[in-house]
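Enquirer: Sharing a structure below in structure tokens format, with a few things to ask.
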Amino acid sequence: MTDFSTPYRLLMGGELMDTTARLDVVNPATGAVFADCPAAGARELDAAVQAARRALPAWKNLPFAERAACVARFAAALEAHKEPLARLLTQEQGKPIGQSRDEIARAATLSVGITKIPVRDEVILDNAERHIELRWQPLGVAGIITPWNAPVNLAAGPLASALYTGNCAIIKPSPFTPLTTLRIGELLRDILPAGVLGVLAGGDELGGLLTAHPGIDKISFTGSVATGKKVMASCAATLKRVTLELGGNDAAIVLPDVDVADVAKKLFFAATVNSGQVCMAVKRIYAHESIYEALCAALAAEARKAQLGDGLDPATTLGPIQNRRQFERVCELREDARAHGHLEEGAPRPAGGGFFVAPTVATGLAEADRLVAEEQFGPVFPVLKYTDIEDAIRRANDTRYGLSGSVWSRDIEQARRIAAQLEVGTAWVNQHRTTAADVPFGGAKESGLGRVYSRLGLEAYLEPQVISVLKA
Ligand code: NAD
């Protein structure tokens, strides 16, 4: 077991390093700084990239099975250190401790699941005259940039994909939540050859340096649409491969035949888990007019049942918003909704300086109102009425976002047909937020570029190479 009582350090070239530049980390349940850690700049990035490039030839020549074994050891280390990692994740991110444990367990399962996907070279043609084969080559060094809402899970998927396919990697977590990722770097230091992984905490500018660095071949970016566009523009200079996992404004369309109480529970959870700070959270609910009042009442009842508080308290079901900037944004959208519609607010805000927002159901809003049109990334969500299903589909699709969406009905076939009309990367029926290592996930429209997980996700870390032999 690694002792997590030591100071936080960057991982570069197999060594744990300190810097004089520091990042303060705030506990969102109190609003106060509770730790600090080193902050990397251009010098540390250069050193980590050089170490990764030195490690690359040996790493990429290992068989897939050996690299998969390293990922399996990583997953086992996550499981073995789940409790201290979960506590730290809750302290820096805010989510209830049970959700932190789930995130770490899920990161372990997904990582191993990714390495069960075969990557095979293919013979395209083999006859007396010619032999043509398609080989999949690692890209080189991947930069992995993560946001603050699920720092472990959103690092683990790209990391397992990069490592398994023979790439080295450098992770840059969000400056709001660097600590759990730094501890994961310590665990991986004992598992991976020196240099294969770098973990560099740092500010937004470090992300810019990573995307511009000529020694980086691929960027996996998870974050907002606005930053995703900057990442893509910066990567264009060196034609880096990019995977962009961006924001969403997921609609859930509820048909008249549902069990309202049951669906309300599931939708409430999907809209407010991690205080709504989930790319694929339910962010708009379209309910048929015949069940609209009943569904709104059931959702409001769920909101009143929620326990708002410090995520380390086992009774808490809803933690704070992760940072002050996001807290102010969610409050602004809530006040805009109050001015244009009606709010049913749940659990009262605990005393103290934390960034708490009560779960809130907003009704009476129009499509142009900010809470409907923008990604709120908070536990305040609109319920909108529809009469005609075609109109609901049109309104659900009337957005630049296209991450995911869901349809809820007892008539599975009808729901499936409606789901197929949603302009999204994933359309669920009678569920929301279900992902798996062998199922591609990613955004349509401005919600992203490329897919994570599955064979598609792995191919994003590989360059197809054709060997074409003329025999005669
Ligand atoms: P953000 O875009 O502000 O920051 C994400 C990361 O990018 C951070 O590490 C940040 O330091 C870095 N960064 C900032 N400026 C950069 C630049 N110019 N170049 C390179 N890197 C830069 O996002 P956030 O506020 O941390 O996260 C919230 C957003 O992430 C939401 O929109 C959410 O929907 C989205 N998200 C998407 C997914 C998905 O899988 N599609 C998952 C989680 C979160």
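Derivation of every value follows stated rules applied to the coordinates shown; laboratory data play no part. As the structure is a prediction and not an experimental result, all values here were calculated from the model. Every residue, glycine among them, receives a Cβ derived from its backbone with ideal geometry; neighbour counts consider all protein chains shown.
Enquirer: Tabulate in residue order the Karplus-calculated ³J(HN,Hα) for the range 275-289, using 6.51 cos²θ - 1.76 cosθ + 1.60 with θ = phi - 60°, rounded to whole Hz; enter x for Gly and Pro.
Expert: Per residue, the Karplus-derived 3J(HN,Hα) values read 6, x, 8, 9, 4, 9, 5, 5, 10, 9, 10, 9, 10, 4, 4 Hz.
Enquirer: Considering only Pro214, Ala264, Ile253, whose Cα is most displaced toward the positive end of the charge dipole of the range 197-281, charges sitting on Cβ of Lys, Arg (+1) and Asp, Glu (-1)?
Expert: About the Cα centre, the residue reaching furthest to the positive side is Pro214.
Enquirer: So what does log10 I(q)/I(0) come out to for the range 56-153 at q = 0.10, 0.14, 0.19, 0.20 Å⁻¹, using the Debye formula with one equal point on every Cα and no solvent?
Expert: -0.43, -0.70, -1.00, -1.06
Enquirer: For the range 40-54, what does the Karplus curve 6.51 cos²θ - 1.76 cosθ + 1.60, with θ = phi - 60°, yield as ³J(HN,Hα) per residue in whole Hz, taken in order and with x for Gly and Pro?
Expert: 7, x, 4, 5, 5, 4, 4, 5, 5, 5, 4, 5, 5, 5, 5
Enquirer: Now for a different question. Among Gln307, Gly319, Ile291, pick out the residue whose Cα is farthest towards the positive end of the charge dipole of the range 282-328, where Lys and Arg carry +1 and Asp and Glu carry -1 on C-beta, about the Cα centre.
Expert: My answer, from the dipole projection, is Gly319.
Enquirer: Express in % the proportion of alpha carbon pairs of the chain at distances exceeding 35 Å.
Expert: Within the chain, distances greater than 35 Å cover 33 percent of Cα pairs.
Enquirer: Can you give me the angle between helix 179-189 and the longest principal axis of the chain, using Cα atoms only, in degrees from 0 to 90, rounded to the nearest 10?
Expert: Between the helix axis and the principal axis of the chain, the angle is about 30 degrees.
Enquirer: Please report Lys266, Lys95 as a ranked list, fewest other C-beta atoms within 10 angstrom at the top and most at the bottom.
Expert: Lys266, Lys95
Enquirer: Right, another one. With +1 on each Lys and Arg Cβ and -1 on each Asp and Glu Cβ, how big is the dipole of the range 144-217 about its Cα centre, in debye rounded to the nearest 20?
Expert: So the magnitude is around 120 debye.
Enquirer: Given labels modelled 7 Å from the Cα in the Cβ direction, how far is it in nm from Ala42 to Ala301?
Expert: 6.1 nm
Enquirer: Sticking with this structure for a sec: Quick one: helix 225-236 against the long Cα principal axis of the chain, what's the angle to the nearest 10°, folded into 0 to 90?
Expert: Approximately 20 degrees, to the nearest 10.
Enquirer: Between Ser224 and Thr434, what's the calculated FRET efficiency when r is the beta-carbon distance and R0 is 30 Å? Round to 0.05. If you can, show how the numbers build up before the last one.
Expert: Details: r = 23 Å, r/R0 = 0.78.
Working from the Cβ atoms, E equals 0.80.
Enquirer: Check Ala35: other-chain or 5+ apart residues with amide H under 5 Å from its amide H, H built from backbone geometry?
Expert: Val25
Enquirer: Explain nothing, just the number: dipole magnitude of the chain about its Cα centre with +1 on each Lys and Arg Cβ and -1 on each Asp and Glu Cβ, in debye rounded to the nearest 20.
Expert: 840 debye
Enquirer: May I ask for the distance between the Cα centers of the range 174-216 and the range 273-323, given as a whole number of Å?
Expert: Distance between centres, Cα-based: 33 Å.
Enquirer: If you line up the long axis of helix 97-114 against the longest principal axis of the chain, both from Cα atoms, how many degrees apart are they, to the nearest 10?
Expert: Roughly 40 degrees between the two axes.
Enquirer: Quick one: which of 166-172, 410-416 comes out on top by average Cβ neighbours within 10 Å, and what's the full order, highest first?
Expert: Ranking, from highest mean packing down: 166-172, 410-416.
Enquirer: Related question: Taking the number of other C-beta atoms within 10 Å as the exposure measure, put Met12, Met17 in order starting with the fewest.
Expert: Least to most surrounded, the residues fall as Met17, Met12.
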